[in-house]
Amino acid sequence: MPLPYDLCARVQNAFRARHHKIAVDHTTQNLGILSILLRTGFISNVTRGTIESPSPTDFLRVGEAQRRIWAELKYRDDRPVLSDMELISRPSRRIFMDIGELRRICSGRRAQTIKPLGMGEIAVVRTKSKEHEWLEAREALQLNLDGEVICRAR
């Protein structure tokens, strides 16, 4: 399974290079994180495709190694909507938070070694629930689910 830092670096670098679309490997992790970025308004579109193009019909015809997820990046007044995306939970140091700690970082207080979320900032949480595996921190609070805090975006 690819590590989330690869997706964080690719998305951040694509915004800095002013790309309009980005292709990442087709994994449930990448799809989950990109769908959160789509729901929160950091990117404008997510579609399945191949290495060459974002085409859902070609996606079904090619093998697993050729499948990609294409994300359309969003800009406002010629400035990127997403300015920074950083990894919180690292392979050498996993960060798991219970409901109380998630509530603290969402309400503007520090929890463990994690700074609180600011205005317009999100945190991606991976829960143990199969139905809601990838959630934004505030969604996890509403559903009363704890988990591993993967990354944050602003």
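Rule-based calculations on the coordinates, nothing more; no lab input. This is a predicted model, so every value here is computed, not measured. Quick reminder, even Gly has a Cβ in these numbers, built from the backbone with ideal geometry, and neighbours come from all protein chains shown.
Between MET97, MET119, MET85, the GNM of the chain built on Cα springs shorter than 10 angstrom shows MET119 fluctuating the most. Between the alpha-carbon centres of the range 1-53 and the range 65-131 there is a gap of 14 Å. The charge dipole of the chain, taken about its Cα centre with unit charges on the Cβ of Lys, Arg, Asp and Glu (plus for the first two, minus for the last two), comes to roughly 360 debye. Where a ≥ b ≥ c are the square roots of the eigenvalues of the C-alpha gyration tensor, would you call the range 31-97 rounded, which needs a/c under 1.5, or, failing that, prolate if a/b is larger than b/c, or oblate? It is oblate, given that a/c is not under 1.5 and a/b is not larger than b/c.
Distances between placed amide hydrogens fall under 5 Å for GLY147 paired with MET97, all partners being 5 or more residues away or on another chain. Entry note, the chain: relative contact order of 23 percent, from Cα contacts under 8 Å with a spacing of 6+ residues. Taking a ≥ b ≥ c as the square roots of the eigenvalues of the alpha carbon gyration tensor, the range 3-57 is rounded, as a/c is under 1.5.
Computed over the range 21-154, the P(r) curve from all C-alpha pair distances, binned at 10 Å from the origin, holds 12, 38, 32, 15, 2 percent per bin.
Using r as the Cβ-Cβ distance of ASP25 and MET119, and R0 as 30 Å, what FRET efficiency do you calculate, to the nearest 0.05? Working shown, then result.
Details: r = 32 Å, r/R0 = 1.06.
After rounding, the FRET efficiency stands at 0.40.
Comparing SER89, SER107, SER35 in a Gaussian network model of the chain where C-alpha atoms under 10 Å apart are linked, the largest mean-square fluctuation is found at SER107. On C-alpha positions alone, give me the angle between the axis of helix 28-39 and the longest principal axis of the chain, in degrees, nearest 10. Approximately 80 degrees, to the nearest 10.
If the cut-off is a Cα-Cα distance under 18 Å, which lysines reach LYS74, setting aside same-chain residues fewer than 8 apart in sequence? Of all the lysines, those that pass the test against LYS74 - Cα under 18 Å, at least 8 places apart if same chain - are LYS21.
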